[in-house]
Amino acid sequence: NAESWGIRLAAMNMWQEQQDRDRLLKQLEVLSMKDAVRMCNNITKQCFLECIQRFRSKTLEPSEERCVVRCTDKFFEFQRRAGERYSEKSYADQVKFVEEQKKTLEQPKQ
């Protein structure tokens, strides 16, 4: 029966789409985790090189600790601002694209 065949085909397509979405979400999770690890490694390296000068004890000197706090605060503030600027630019680009598409669609065809 053609109708039942169509229903089966639609179900198979829906199943495949769900599989594709699940696979994409897993890839995004992995990328997000890798990005978080990379960011943590970067901040650790950057602040260590900037703040730690001596290795006289197992604990940080008070000045080193203050430096690390300032360094990490500065790093996260930079990340926040960069994210905001990226979002603003991305939004502006999307608005510009939509406006250009509207103009293209509004032009009379010759």
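Numbers at a glance
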| read-out | value |
| --- | --- |
| Residues of type aspartates and glutamates that K26 reaches as a straight line, Cα spacing below 16 Å, ignoring anything fewer than 8 places off in the same chain | E17, D35 |
| Within straight-line cross-link reach of K103, lysines at Cα separation under 26 Å, skipping those fewer than 8 residues along the same chain | K89 |
| Compactness of region 65-110 - radius of gyration and Dmax, Cα, Å | 20.2, 70 |
| Estimated [θ] at 222 nm from DSSP helical runs (n ≥ 4, -39500 (n - 2.57)) normalised by residues in the chain, nearest 500 | -32500 deg cm²/dmol |
| Cys residues of the chain counted as unpaired, since no other Cys beta-carbon is under 4.7 Å | C40 |
| Rg followed by Dmax, in Å, when region 10-58 is reduced to its Cα trace | 20.9, 69 |
| Cα centroid separation - region 65-110 against region 1-23, whole Å | 37 Å |
| Portion, in percent, of the accessible area of region 39-90 that falls on carbon or sulfur, probe 1.4 Å | 56 percent |
| Options L105, A82, Q16, ranked by Cα towards positive dipole end of the chain, top entry (Cβ charges) | A82 |
| For the chain, accessible area per residue (1.4 Å probe, heavy atoms of protein chains only), Å² | 94 Å² |
| Prolate/oblate/rounded label for the chain (Cα gyration tensor, a/c 1.5) | oblate |
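The values are calculated or read from the model by the stated rules, or taken from the named source; none is laboratory data. Note that the structure is predicted; figures quoted are calculated from it, not measured. No Cβ is skipped: glycine too gets one built from the backbone with ideal geometry, and neighbour counts run over all protein chains shown. Accessible surface areas use protein heavy atoms only, side chains included; no ligands, DNA or RNA. Shrake-Rupley method; radii C 1.70, N 1.55, O 1.52, S 1.80 Å.
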